[in-house]
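A short write-up of the structure that comes next.
Here, each number is a calculation from the coordinates, and none is a lab measurement. Computed from a prediction, not measured in an experiment: that's the story for all the values here. Here Cβ is always computed from backbone atoms with ideal geometry, including for glycine, and neighbour counts include all displayed protein chains.
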Ligand code: A2P
């Protein structure tokens, strides 16, 4: 998996296709998608255009997508990945992830009684469907997203094919060192979402800290004559994780890709590591309305 990828969460329709084309031309080879982002059709058109123009070959790209919450259950996985493949105009994915360990009856959040508990709809059952699409060559790798050590441990106990990736929110304010050590020991690669700490307004908690304005980050950026975004992306890659910053802006796409050329020192890493305060921008409260079987405690298995 190429270390740095293009995130497409909150990349609006009408912009995302152009961003994908531009990203491929700049040299991005890893694109992170999901059915719920609602933009896979436009991304598929852009991918087809890039292949036809000879900008890139399919086998040079790493394309990830994700199973949405209303598609848990082993019978639902194959139709879900087939829809994503049709939208993306691809024969196979490089990686397919369970998006959240939160099975739901409907697509849309915030509808009462929409949730299924993990007793009613076990992850192990959904994983059977993930293994089936892997064995059918619809994807080359399978994994999960937003999984705790506890849920990964339970899955590893029953899996015939182990999850190869866990995609989680990760940046210097949420370093998740224990999860990183666990995943390294289990050969589970980590993809870091929201690596810049900048989810769009609606998904951003009030009074959220401005990671890119942290004096520690801006001082390191000044020393390296680079931008704060490049510092936090370089931090993610130096730790062996794969950040997927989202941008639809050509200048910032290029800026983010160029973070691969920045070599942080041990002192830079130590200073950035001290910023950790286990702060989540995407804290999962949208899965915990009244009546939901989910709480922040049993979602993250923390506290
Ligand atoms: P835009 O698409 O206009 O570039 P994250 O990936 O952490 O969720 O952050 C995505 C947000 O950060 C988007 O609003 C994106 O806006 C913005 N962004 C992307 N790249 C940079 C950058 N290099 N510097 C500052 N903001 C950026």
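Listing for the model above:
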{"item": "Cα gyration tensor shape of the stretch 189-254, rounded if a/c is under 1.5, else prolate or oblate by comparing a/b with b/c", "result": "rounded"}
{"item": "Exposure proxy order (Cβ contacts within 10 Å, fewest to most) of 178, 227", "result": "178, 227"}
{"item": "Shape category assigned to the stretch 157-273 from the gyration tensor of Cα positions, a/c cut at 1.5", "result": "prolate"}
{"item": "Diffusion coefficient, µm² s⁻¹, Stokes-Einstein with Kirkwood Rh over alpha-carbon pairs of the stretch 1-127 at 10 °C and 1.306 mPa s", "result": "104"}
{"item": "Burial ordering of 235, 62, 287, fewest other beta-carbon atoms within 10 Å first", "result": "62, 287, 235"}
{"item": "Computed label-point distance, nm, for sites residue 269 and residue 41 using a 7 Å Cα→Cβ extension", "result": "4.6"}
{"item": "Calculated FRET value between residue 18 and residue 107, using beta carbons and R₀ = 22 Å, to 0.05", "result": "0.25"}
{"item": "For 214, 247, order by how many other beta-carbon atoms lie within 10 Å, fewest first", "result": "214, 247"}
{"item": "Helix-only [θ]222 nm of the chain, DSSP H runs n ≥ 4, -39500 (n - 2.57) each, per residue, nearest 500", "result": "-11000 deg cm²/dmol"}
{"item": "Tensor-based shape of the chain (alpha-carbon gyration tensor, a/c under 1.5 rounded, otherwise prolate or oblate)", "result": "oblate"}
